Structures are given as structure tokens and as C-alpha cells.
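**Q** The structure's right below; bear with me while I get my questions together.
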Amino acid sequence: MKEKLVLIGNGMAGMRTIEELLDLDKEMYDITVFGAEPYGNYNRILLSPVLAGEKTIEEIMLNDEQWYMDNNVKLHKGKAIVNIDRKKQVVIADDGTEEKYDRLLLATGSNPFIIPVPGHDLPGVISFRDIYDVDQMLDASKKHQHAVVIGGGLLGLEAANGLMLQGMSVTVVHLGDVLMERQMDTVAGEMLKKSLEERGLNFLMGASTEAVLGEDHVKGVRFKNGMEISADLVVMAVGIRPNIELAEKIGLHCEKGVVVNDTMQTYDPKIYSVGECVQHRGQAYGLVAPLFEQAKVCANHLAKMGIGRYEGSVTSTKLKVTGIDLFSAGDFNGDETTEDIVMKDVNRGIYKKVVLKDNKIHGAVMYGDTVDGAWYFQLMRDETDVSDIREHLMFGQSHLGDSGHGGHNAAAAMTDDMEVCGCNGVTKGCITKAITSKGLFTLDDVRSHTKASNSCGSCTGLVEQIISSTLGGDYTATDHKPLCKCTEMTHEEVRIAFKEQHLTSALGAMEKLNWRTDDGCHVCRPALNYYAIVNWPAEAIDDPRSRFINERAHANIQKDGTYSVIPRMWGGVTNPKELRAIADIADKYEVPTVKVTGGQRIDLLGIKKQDLPLMWKDLNDAGMVSGHAYGKSLRTVKTCVGKEWCRFGTQDSTAMGIKLEQLTWGSWMPHKFKIAVSGCPRNCAEATIKDFGVVAVDSGWELHVGGNGGIKVRATDLLCKVSTEEEVIEYCQAFIQLYREDANYLDRTAPWIERVGLTFVKQQIVENDALRKELSDRFVESQTYFQTDPWAERATGGVESNEFAPLKKIG
Amino acid sequence: MADWIEVGVLDDIPKLGSRVVEGPDGDIAIFRNSKDEVFALKDACPHKQGPLSQGIVHDKTVTCPLHNWKIELDTGVVKAPDEGCAGRYDIKLESNQIFIAL
């Protein structure tokens with residue numbers, strides 16, 4: 001007999017828990033769901049667009065009745081649970097239906113708060129909470145003219161905007177002087193008010209409601225100062241309260257909400273609770289992101305896996321009024337211990353304020369241009385020290401490097417046909433449609449359904465902004481980003497585990513770290529393989545099957561399944577003999593395209609896989625080795641001609657480049673790694689957009705780090721200046737090793753440095769001679785294991801011979 | 001009855017790996033998973049004809065090397081949210097020898 005799980009509350013938090021549970025274990029429970037509303041589970045946060053006439057009820061259904069049937073979940077819709085017999089473990093519905101449970105999940109949500117003024121119970125006074133309320137409002141808007149919304153918070157403004165779009169004349173009554181004062185400071189609140197007034201909303205600020213007037217139907221509202229206004233519809237939107245009526249009735253410990261621990265368990269161990277009815281560590285939440293985090297943890301414990309903990313959420317807010325971008329998070333008002341950075345451009349309707357405390361973001365409020373909200377929020381939650389980026393902070397992440405989204409990236413201002421993702425040709429309309437019609441909530445969901453930001457990732461911020469402006473305040477990027485779907489662990493946690501637990505192989509690590517899948521997936525296996533190699537270079541078992549094809553075939557796969565071959569050409573210097581050999585080889589294998597690469601090498605394209613070892617042998621015979629143009633590894637060292645030829649050259653940059661390439665080739669990295677050496681500050685080798693750039697000056701060498709010329713152009717940061725060739729080499733090796741050990745797999749140096757801060761890198765490499773020496777030594781040691789030419793090993797050494805030859809030819 | 005054609009032995013294919021059989025109508029990818037089960041698919045992803053034999057194999061799935069579509073090895077069906085199907089071939093393992101039927 002399966003155990004019985006009963007869910008009370010057919011809403012977003014409860015149903016998300018059920019979905020997470022079914023993902024973990026489909027067969028564990030017989031599941032029964034009770035919902036007081038006569039519908040399936042719908043996306044409550046999209047009620048505002050329904051009211052505004054931008055969406056229909058069908059469009060916001062998350063689980064329709066068919067879903068419950070398909071998943072063998074019994075649904076009692078329109079039945080409210082009125083009692084629970086905890087001794088007998090039975091729930092009782094208002095129509096007498098009884099259901100036994102082994103485990104019970106309480107997700108009763110919250111109730112709107114109704115101000116208990118005289119007349120609050122008159123017909124025509126409603127709240128804004130469910131489909132019924134929306135129907136009431138839509139109905140009223142057809143018959144009546146005047147609406148009053150009490151409450152100038154998030155929900156009140158969304159209701160007011162919706163009613164106005166339905167043709168009503170709407171007055172928003174607010175007790176305070178600032179709209180949305182819990183989410184906005186005075187300046188942003190004023191800008192918002194002005195913009196809403198321009199759209200046609202009326203405001204009564206500082207107005208305290210004394211009574212709702214009318215006899216058999218609402219007729220008006222009277223305030224404490226004696227003023228009266230007429231109204232045919234009054235919407236009370238002054239807040240929500242956790243719905244704990246049932247929990248209190250059955251004697252479950254409640255304070256503001258149902259008290260739960262970090263596993264979402266209530267004081268009755270058989271009863272779990274999630275959602276807006278819950279109080280966790282003294283905090284109740286009314287946004288969807290925390291509820292989903294709770295759902296994930298709760299499902300994990302219901303599935304008896306017992307490894308998740310909910311530790312509370314930091315939340316941010318957005319307003320779902322089309323055409324208005326605003327964002328806030330954290331403590332944006334600040335106090336005497338904080339400092340503000342403010343940017344205000346009233347004409348363009350832009351206001352940004354970031355509150356700093358101890359060089360960390362403590363809060364932020366933005367109006368008009370909120371594209372960097374997600375970024376500030378991330379910096380805030382990660383408690384990143386922003387002193388290194390302080391001067392750029394207000395100009396946003398795009399200012400730190402962006403290939404072209406800068407300037408026109410206010411999601412709300414974009415039209416539906418505007419392209420968001422340039423790699424995959426995904427428009428804004430395509431994303432918003434997928435979010436609403438498929439019920440998507442997370443960046444991962446949107447990526448897999450639409451492919452937006454799924455390739456190069458440069459539009460991630462914009463996609464996140466579109467998700468949050470579509471879902472409103474309910475979207476937040478998740479705090480804890482697991483490495484992939486096979487584990488709960490983050491990259492950081494996995495990296496540390498490899499070191500501390502002496503893990504030397506990808507497959508072994510999955511077993512030790514309780515991977516959910518038998519073999520991992522294409523995301524985690526290459527990462528694990530890399531962590532093994534970088535932590536334990538002498539002992540690691542390098543698994544070719546855990547590497548992407550390019551690193552397995554030591555060539556770059558092309559769109560037609562052929563490969564490209566790039567021999568190493570040290571420092572970009574070649575000679576007639578090498579060129580002749582390359583020309584002969586190109587003839588011999590009928591190479592369709594020969595191209596010079598951006599890194600000063602020669603690329604032979606269109607090579608059949610079975611020809612690779614033959615071609616490599618010919619290249620080896622001519623003295624050339626693998627150029628590693630295919631790997632997460634040292635790619636090329638680009639140089640200029642330097643003082644040997646150039647009349648401006650100050651040092652021998654070519655020789656320095658060759659030296660660096662000879663020392664660093666063959667090293668595996670978290671991502672590709674490029675070096676350049678320029679002979680003078682004219683910087684013809686473009687060293688300041690490389691991962692490690694060296695610029696010669698008359699007195700020595702400037703060392704630059706963290707540049708990128710690709711997805712997001714980012715100029716390097718100056719690490720330091722050194723005077724000798726030996727120093728250049730030691731600093732370069734130390735920097736590479738620090739990056740190798742500290743960055744997450746697939747982090748380029750640019751985002752890594754932005755995350756850890758240049759100060760950290762300087763502390764390790766410039767300010768601490770002993771650490772630098774240790775890092776450099778570790779790199780040199782690792783190189784003794786990996787500086788072997790993979791082409792020679794395969795062309796003549798018999799390594800992986802199965803990789804290249806067909807198994808058989810038939811037919 | 002299908003004609004079974006012997007194409008090699010299990011040890012010819014690395015665990016979690018794949019080899020190509022050149023067939024009369026194009027390449028066929030033969031996969032071996034961690035449980036030593038074998039599978040045969042047309043070596044072309046339904047998306048943009050990426051060679052599936054070059055992908056990463058995990059459980060009963062291969063991830064296409066070109067754009068990370070995931071294809072079920074036993075059915076050839078593309079995993080949601082992407083859609084499509086790579087052709088599959090019957091395959092059997094008899095005392096370490098692999099046979100496929102065209």
C-alpha cells in the first residue's frame with residue numbers, strides 16, 4: 001500500500017511542491033488535493049494582466065484538470081477543508097468528504113486584509129485575490145463608472161491600472177505620502193505617481209478611510225478629514241494575512257503564520273506547510289520565488305531524501321503595469337551607517353539609487369531603467385565587495401562590457417517583435433508568450449523552451465528582465481544555483497569537495513557526492529572531469545567520455561560534422577618550411593578552406609574525422625604540434641613584432657610571447673584562455689582584451705588580466721608592473737593557476753574577476769610573494785603531466801584509436 | 001524477420017561512448033551505456049543533422065554535440081521541450097557480439 005499524501009490548498013505553492021515531488025518520485029504517494037476554488041491551479045500572479053485584459057484565464061492555468069488525471073492526482077475542487085482529525089489522520093471537507101492521510105501538506109495561502117470600517121461588508125466592496133474577485137471587477141467595470149482602490153501598494157496599483165484599462169475612472173486612496181513605500185523611496189514613488197497620473201489615474205495621498213458609504217450597495221467613501229468621494233466599486237488592497245484559521249483550529253502552533261522549521265515541517269511531524277500561510281524564522285512571504293524555494297525543499301523531505309534546507313529568501317519587487325519599469329530590493333532607504341550612490345535623469349524618466357554598507361550593496365531602488373536590477377540583486381545576495389567596480393556601478397553591468405544590448409534594453413519598452421537573443425533569433429513576444437502559455441517561472445525554463453540566452457548568454461540579463469516584467473515581483477533569480485539537474489550542489493561546493501575529499505575522477509565523484517543520476521549529464525561530467533584534473537594533476541583519471549567532443553577528438557567540430565585543425569605556431573611566428581608543409585598537407589587532404597584565425601594561426605577546415613590522425617602525423621613530421629584551438633585550455637599567445645623590427649618597440653615582445661606559449665601550452669582551464677604580448681603601449685597585439693595581457697614599456701612590463709574580446713567586450717584590469725622577464729613568467733603562471741583553482745568550470749576570467757574582485761587577485765598574486773610562488777610552482781608541476789602533444793599520442797602513440805575509425809562499413 | 005548484421009563486439013565501443021557504422025543510407029551511431037546496453041540511431045540529430053555519435057552519453061540519452069539537444073537512445077525521440085525523432089535501428093547483443101538490423 002502506498003502512503004497517502006493530502007494537500008490542502010490547490011494553489012501555486014502547494015502544487016509546485018507536488019510537481020517537485022513527482023519529479024523526484026512518481027510512485028511514492030497516493031496524492032489527493034483539496035481546493036476551495038472551483039478551478040485547477042492557476043498562476044495567481046498573472047491576475048493583474050487578466051484584469052487589464054492582456055490575458056485570459058485559460059492562458060494563466062498552470063495545471064488544468066487533465067493534468068491531475070494524467071498524473072493520477074485526485075482533485076477535489078470547490079471543497080474547503082473545515083477540520084482535521086490529527087489523531088485519526090483524517091481531513092474533513094465542508095461537504096462532508098473525508099480523506100485519510102499519512103502526510104499532510106498545508107498550503108492555505110493568505111487572505112486579503114479588509115479594513116473593518118463601517119460599510120466594509122457592503123456589496124461592491126471587494127478584495128483582489130482570486131479569479132472570483134477579477135470577475136467581480138470586470139463585471140463592475142461594465143456597469144459602473146467610479147472605482148476607488150484603497151491601498152497604493154503593489155497590488156492596489158495593479159488593480160487600479162487594470163480597472164482603468166477596463167474603462168473606469170479610478171481613484172487610488174493611500175494612507176501614506178509615498179506610493180508603494182515598502183518598495184520605493186520618495187523620489188521613485190513620486191516618479192511612479194506622476195507617470196500613473198499621466199495615464200489617467202487619480203490619487204488621494206495621506207487619506208485615511210473612515211467609512212464606506214451606501215445602503216444596499218456601495219455609493220462612496222468618506223475620509224477622516226470629512227471629504228467624501230463617490231464610488232460604485234471599492235477595492236480593498238491594503239495587504240494580506242497568512243490564512244491560519246484551519247491550522248489554529250486544529251491546535252497547530254501558529255504565530256503570524258503556521259510555524260515551520262527549515263524542512264518546512266510544522267510542529268506536527270506528519271504535517272508540512274508551504275506558501276503564504278507559513279512563518280519561517282519569523283518571516284512570512286507573499287512572493288512566488290520564496291514559495292518555490294520552499295516547495296523544492298518540502299518535496300525533497302516528502303520524498304524522504306532529507307537533504308534540502310530552506311534558509312529563508314531575500315526578495316526583490318517589480319510592478320506588473322505594462323510600460324512601467326521599477327525595481328527594488330533590500331534596504332533602499334539606508335541609515336547613518338550607509339552611503340547612497342544616486343543617478344537621476346528626470347527628463348528620461350530614469351532614477352537609480354544603490355545603497356552601500358561596508359562596500360557591499362545593501363539595497364537598491366530603480367525606476368525607468370531596471371535592466372541591472374537582477375545584477376544588483378545578485379551582488380547584494382552574494383555580498384560581493386563592490387569597491388573594485390564602484391565607479392562603474394551606476395552605469396550597470398552592460399557598461400562593464402556588452403556586445404550591443406546596451407542602451408535599448410528596457411524590457412518594458414521593447415516591442416514584441418524586437419529580437420532579444422541574437423544567437424537563436426528569439427523575440428520578446430516569443431519569450432512572453434512562452435512564459436504565460438507554458439507557465440514558466442525560471443531562467444532555466446525559459447532557456448529550454450525558447451532557447452533565448454541558451455547559446456552565448458550575453459542576453460541573460462535582458463531575458464531575466466523580461467521574465468520579471470512578465471511575472472512581476474514574483475520572479476527572482478534563484479539564490480542557490482545547482483551545477484546541473486543531477487545534483488543540489490553548486491559549482492563552489494563541488495570544487496571544494498574535490499579538494500577536501502580527494503576526488504580524482506568524474507565518475508567516482510558522482511558516487512561520493514550522491515549524484516541523482518547514474519552517469520550525470522553533458523553539463524556536469526565535463527565540469528567534474530576538469531575539477532579532478534586541476535585538483536589532482538598527478539592522480540586524476542581523465543575520462544575522455546566526460547569531455548566535450550572537441551577535447552576528445554582534439555579538433556573543433558563544425559556544423560557539418562567535419563573538424564578543423566589548427567597547428568600550434570608559437571607566438572604567431574612561422575617560416576617557409578612550416579608554411580610549405582601546411583600547404584602540402586592542405587593539398588593532400590583536399591582541405592576546402594584555409595583561413596587565418598583571430599589568434600594569428602592557420603586553420604584547416606572541413607577535415608573528416610578519420611583523416612585527423614593521418615593529418616596530425618604529417619604535421620608532427622613537419623615539427624608541428626596541436627594548437628589546442630578546440631579546448632578549454634591555453635589557446636594562443638598573440639604577439640606583435642616588438643623591438644626586433646618595430647621602430648617603436650621597447651622590448652622583445654615576440655620572444656616573450658613564444659616563451660609564455662611554450663610554458664603554458666597544454667594546460668587545461670575552466671574555459672578557453674588567451675594571452676597576448678605587445679611591444680609598446682600602442683598595443684598592436686591587443687593585449688588588453690585577453691585573459692592575460694602583457695604590454696611592454698620602456699622600464700619593463702605591464703601585466704593586465706581579465707580582458708575579453710568576445711561576447712562581452714571587456715578591457716583588462718591592470719594587475720601590476722614588473723621589470724624582469726622572470727617576473728612576467730612567474731606572475732603569468734601564478735595568475736593562471738589561481739584562475740584554474742578558483743574559478744568555476746566554464747567561467748572566463750572576465751566574469752570570474754568581476755565576481756571575486758581584482759583586490760582578491762592582487763592580494764594573492766601581487767601582495768603575497770610566497771603565495772605567488774606556490775601558485776606558480778603548482779602550475780609548473782601540473783604542466784609536467786599535461787604538456788604532451790595529444791596529436792602525436794593519437795597519430796602514432798596508439799591512444800584512443802577507437803575514437804577515429806568507423807566500427808564497420810556495411811551495405 | 002530482420003536480417004541481423006554483425007558489426008563488432010562490445011569492447012569495440014567504450015563505456016558511455018559511441019562508434020560509427022557506415023551504412024548504405026548514411027552513418028549509424030552505435031552507443032554503449034554504463035550498464036552495457038547497446039543502441040543504434042541514425043547518426044544525425046533531427047535538429048541540424050549533428051553527428052550524435054560525437055555526443056556525450058548519459059543514462060539512456062545522448063546530447064547532440066552541436067546544440068545540446070537530448071535524444072533518447074532506445075527510441076530516438078528528442079526529449080522535451082525540443083521535438084523530433086532520430087531514426088532508430090533494431091540492435092541486439094549476443095555473447096558480446098553486436099548485431100543490427102537495417
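The values are calculated or read from the model by the stated rules, or taken from the named source; none is laboratory data. Worth saying up front: this structure is predicted, and the values here are computed from it rather than measured. Counting neighbours? That spans all protein chains shown, and the Cβs are built from the backbone with ideal geometry, glycine included.
**Q** What are the pairs with Cβ atoms under 9 angstrom where one residue, in segment A:786-811, is farther than 24 Å from B:A29 by Cβ and the other, located anywhere, is among the aromatic types (F, W, Y) and assigned to a loop (DSSP other than H, G, I, E, B)? Sequence gap at least six, or different chains.
**A** A:Q787/A:W665
**Q** List the strands (runs of 3 or more DSSP E) that sit entirely inside segment A:80-138 and contain at least 1 residues that are modelled with pLDDT under 95 and under 17 Å from A:A13 (Cα atoms).
**A** Ranges flagged: A:110-112.
**Q** In segment A:236-264, what residues are under 28 Å from the mean Cα position of the chain (by Cα), surrounded by fewer than 21 Cβ atoms within 10 Å (Cβ to Cβ) and of a type outside the set (S, T, Y)?
**A** Passing the criteria: A:N261, A:D262.
**Q** Look at A:L192 and say whether it is buried (at least 16 other Cβ atoms within 10 Å of the Cβ), within 26 Å of A:Q136 (Cβ to Cβ) and not assigned by TED's automatic domain parsing to the domain that holds A:I350.
**A** Spelling it out, it is not the case that A:L192 is buried (at least 16 other Cβ atoms within 10 Å of the Cβ), within 26 Å of A:Q136 (Cβ to Cβ) and not assigned by TED's automatic domain parsing to the domain that holds A:I350.
**Q** What single numbered condition from (1) facing chain A (nearest Cβ under 8 Å); (2) crowded, with 16+ Cβ neighbours inside 10 Å fails to hold for B:P24?
**A** (2)
**Q** Could you grab me the full set of residues in segment A:537-558 that are closer than 10 Å to B:Q54 by Cα and hydrophobic (A, V, I, L, M, F, W, C)?
**A** Passing the criteria: A:F548, A:I549, A:A553, A:I557.
**Q** While we're looking at this one, here's another question. Please indicate, with yes or no, whether at least one residue in segment B:31-41 is without any contact (Cβ under 8 Å) to a residue 12 or more places away in the chain, within 30 Å of A:A434 (Cβ to Cβ) and crowded, with 17+ Cβ neighbours inside 10 Å.
**A** no
**Q** Inside segment A:565-665, counting only strands (runs of 3 or more DSSP E) that do not spill past its ends, which hold 2 or more residues that are touching an Asp or Glu at 6+ places or on another chain (Cβ under 9 Å) and crowded, with 19+ Cβ neighbours inside 10 Å?
**A** A:634-639
**Q** What about B:I56, is it free of Cβ contacts under 8 Å to residues at least 60 places away in the same chain, among the aliphatic types (A, V, I, L, M), within 18 Å of A:P806 (Cα to Cα) and facing another protein chain (nearest Cβ under 9 Å)?
**A** When the stated conditions are applied, B:I56 passes them.
**Q** Say we look at segment A:434-487 and pick out the residues that are at pLDDT 85 or above and in contact with a Lys or Arg (Cβ under 7 Å, 6 or more places away or on another chain); which of these is nearest to the other protein chains (Cβ to nearest Cβ)?
**A** Here the residue is A:H449.
**Q** Evaluate the following for A:Q763: is it more than 20 Å from A:N556 (Cα to Cα) and surrounded by fewer than 18 Cβ atoms within 10 Å (Cβ to Cβ)?
**A** yes
**Q** Let me ask something additional. Can you spot a residue in segment B:76-95 that is within 11 Å of another protein chain (Cβ to nearest Cβ), part of a strand (DSSP E or B) and without any contact (Cβ under 8 Å) to a residue 24 or more places away in the chain?
**A** No: zero hits.
**Q** Using the structure shown, decide if B:K48 is basic (K, R), over 13 Å from the mean Cα position of the chain (by Cα) and either more than 10 Å from every other protein chain (Cβ to nearest Cβ) or within 22 Å of A:M510 (Cα to Cα) (or both).
**A** Numbers: basic (K, R): yes; over 13 Å from the mean Cα position of the chain (by Cα): yes; either more than 10 Å from every other protein chain (Cβ to nearest Cβ) or within 22 Å of A:M510 (Cα to Cα) (or both): no.
No: the conditions fail for B:K48.
**Q** If you don't mind, another one. State whether the residues of segment A:554-562 include one that is in a strand (DSSP E or B), surrounded by fewer than 21 Cβ atoms within 10 Å (Cβ to Cβ) and away from chain B (no Cβ under 14 Å). Explain how you work it out, then say what you get.
**A** Of the residues in segment A:554-562, the ones in a strand (DSSP E or B) are A:556-557.
Next, only the ones that are surrounded by fewer than 21 Cβ atoms within 10 Å (Cβ to Cβ) stay: A:556.
Filter once more, so that each one left must be away from chain B (no Cβ under 14 Å): none.
There is no residue in segment A:554-562 that is in a strand (DSSP E or B), surrounded by fewer than 21 Cβ atoms within 10 Å (Cβ to Cβ) and away from chain B (no Cβ under 14 Å).
**Q** Shifting gears a bit: Of all residues in segment B:5-19, how many are facing chain A (nearest Cβ under 8 Å), assigned to a strand (DSSP E or B) and surrounded by fewer than 22 Cβ atoms within 10 Å (Cβ to Cβ)?
**A** 3
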